[in-house]
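Asker: Sharing a structure below in structure tokens format, with a few things to ask.
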Amino acid sequence: MFPGMTFYLLQDVYFVSFGDRYPWAGPVLGVSFGGFFLFLLIHGLIKNRSGAGAPRRFSFFALSKIANSYGLSKPQKKVLEDIFRSDAVSDPISVIQSTPLLDKHFKRAYRRIENTATSDAVAQQQIALLFSTRNTIEAVQNTTATATSTRQIPSNMAGVLAVGKETYPVRVVNSKGDSVLVESPKNSLGNPIRIPTGTRVALSFFTKSSKGYSFDSKILGTMDTPKGQNLQLAHAARVKPLVQRRFRRIQTATPCIFHVVLVSETRVGRKMVKKMTVDKYRYTGTIMDLSIGGCSMQSSANIRAGTRIKLEFESGDTASLAALGQVLRINRGGKYTTIHVKFIKVPRRAQNSINALVFEYNDE
């Protein structure tokens, strides 16, 4: 029918399967494909996990923009950059706007310096720059929380209770109930001072961001607790902000001693040279609040505003701290006088110790 062409029946064609010729190929291909898909699965899981949990890349430009907005110097910028790089901070804006988070990172840096500095002199120099940076940020901080109600006062918050012309350091025990519960002030013997029910008082306190508040109240009564007697203060309709402090301060009750510093002028050639002499008579007092810029203390000393003093006190495990200060103003009333002091000269080591105390970086 078709000249020159040969036809074969289908059943005559001989097929040889790949499996028959290579019996080992099936298992090898199965294992290969299985291993490949397992690799893809593991790679995908690792990629997803690293993408979800790993911090984003550190942004130097974002940090530089923030540092400029806070007016940081070049060495201060370097301090902030080192802190954020060491702690792998990927969102510097959120951290610097949160006082607790920022202090957490600065506290870590403070501990690193203490543990790794090659000498004490180097440590003191680095710590001084660290606190210089922290105080600069603190001075312009404007995103911290504010108190608008007496029910928002945290428990264990240190405060000053004003009763007439007298002031007493106290702590807030609880503010969530029907009254603000505070510790009863104590006299020099450690006994609670009796304040009649109905007495008008004022309670002042400072938040950790150094914002001060005060509210007027009255004594509703007393309450005995396992830890001692407490006063019940009436809640107030509003909380009044106090004048903003430049430096963060801490409420305390630290014994101190101070000497009056006498300033005299003598002529040396054509110049007048001031000479300071520390008077031998020693006064005693109690520091009520403390900052790197100054302090307020209670004392029975009879001194005038403008007087220069040498102040000495101890704090924690540190050696005695000393500072040269000048009395800004005096509030007289009752047995003790409240003396407000501005620091004029503070040695570097004392500065670092005061800052560590105020920012609570010494706490474990």
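The values are calculated or read from the model by the stated rules, or taken from the named source; none is laboratory data. In this text, all values refer to a predicted model and were calculated from it rather than measured experimentally. Neighbour counts are summed over all protein chains in view; Cβ atoms, including those assigned to glycine, are modelled from backbone coordinates with ideal geometry.
Asker: Could we say that residue 321 is touching a Phe, Trp or Tyr at 6+ places or on another chain (Cβ under 7 Å) and not assigned by the TED database to the domain that holds residue 167 here?
Answerer: Values: touching a Phe, Trp or Tyr at 6+ places or on another chain (Cβ under 7 Å): yes; not assigned by the TED database to the domain that holds residue 167: yes.
It is true that residue 321 is touching a Phe, Trp or Tyr at 6+ places or on another chain (Cβ under 7 Å) and not assigned by the TED database to the domain that holds residue 167.
Asker: Restricting the search to region 130-153, which residues are exposed (fewer than 15 other Cβ atoms within 10 Å of the Cβ) and at pLDDT 85 or above?
Answerer: The one that is exposed (fewer than 15 other Cβ atoms within 10 Å of the Cβ) and at pLDDT 85 or above: 151.
Asker: On to the next question. Step by step: first the residues of region 163-217, then only those that are surrounded by fewer than 18 Cβ atoms within 10 Å (Cβ to Cβ), assigned to a strand (DSSP E or B) and out of contact with any Ser or Thr (no Cβ under 8 Å at 6 or more places or on another chain), then the one that is modelled with the highest pLDDT. Which residue is that?
Answerer: Checking each candidate, the answer is 216.
Asker: A further question on this structure: Taking residue 355 and the conditions (1) surrounded by 19 or more Cβ atoms within 10 Å (Cβ to Cβ); (2) modelled with pLDDT under 90, which numbered condition does it fall short on, given that it satisfies the others?
Answerer: Evaluating residue 355 over (1) surrounded by 19 or more Cβ atoms within 10 Å (Cβ to Cβ); (2) modelled with pLDDT under 90 leaves (2) as the failure.
Asker: May I pose another question? Within region 258-276, identify whether any single residue is buried (at least 18 other Cβ atoms within 10 Å of the Cβ) and under 25 Å from the mean Cα position of the chain (by Cα), and answer yes or no.
Answerer: Within region 258-276, not a single residue is buried (at least 18 other Cβ atoms within 10 Å of the Cβ) and under 25 Å from the mean Cα position of the chain (by Cα).
Asker: Name every residue in region 339-364 that is in a helix (DSSP H, G or I) and of a type in the set (A, V, I, L, M, F, W, C), in order of residue number. Talk me through it step by step, then tell me what you get.
Answerer: Pass one, region 339-364, residues in a helix (DSSP H, G or I): 348-358.
Of everything in region 339-364, those that are in a helix (DSSP H, G or I) and of a type in the set (A, V, I, L, M, F, W, C) turn out to be 350, 354, 356, 357, 358.
Asker: Test residue 280 against the criterion of being over 25 Å from residue 212 (Cα atoms), of a type in the set (Lys, Arg) and touching a residue at least 12 places away in the same chain (Cβ under 8 Å), and give yes or no. Even if it seems obvious, please write down each step before you answer.
Answerer: Numbers: over 25 Å from residue 212 (Cα atoms): yes; of a type in the set (Lys, Arg): yes; touching a residue at least 12 places away in the same chain (Cβ under 8 Å): yes.
The answer is yes for residue 280.
Asker: Right, something else. Give region 229-265 a look and list any residue that's part of a strand (DSSP E or B) and more than 30 Å from residue 321 (Cβ to Cβ), or say none.
Answerer: Here is the first cut: in region 229-265, the ones part of a strand (DSSP E or B) are 229-233, 240-241, 249-265.
Scanning region 229-265 gives 229, 230, 231, 232, 233, 240, 241.
Asker: Might you check whether a residue that is of a type in the set (Gly, Ala, Ser), under 29 Å from residue 105 (Cα atoms) and free of Cβ contacts under 8 Å to residues at least 60 places away in the same chain occurs anywhere in region 349-363? Let's see the steps before the verdict.
Answerer: Initial filter on region 349-363 (of a type in the set (Gly, Ala, Ser)): 350, 353, 356.
Next, from what is left, pick out any that are under 29 Å from residue 105 (Cα atoms): 350, 353, 356.
From what is left, the residues that are free of Cβ contacts under 8 Å to residues at least 60 places away in the same chain are 350, 353.
Yes, region 349-363 contains at least one residue that is of a type in the set (Gly, Ala, Ser), under 29 Å from residue 105 (Cα atoms) and free of Cβ contacts under 8 Å to residues at least 60 places away in the same chain.
Let's see how each residue does on (1) under 18 Å from residue 257 (Cβ atoms); (2) of a type outside the set (A, V, I, L, M, F, W, C); (3) crowded, with 20+ Cβ neighbours inside 10 Å; (4) within 22 Å of the chain's Cα centre (by Cα):
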position	(1), (2), (3), (4)
313	yes, no, yes, no
324	yes, no, no, no
331	no, yes, no, no
340	yes, yes, no, no
350	yes, no, yes, yes
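Asker: Determine the pairs where a residue that is farther than 19 Å from residue 167 by Cβ, located within region 290-317, has a partner that is at pLDDT 90 or above and of a type in the set (Lys, Arg) with Cβ atoms under 7 Å apart, the partner being 6 or more residues away or on another chain.
Answerer: 293/342
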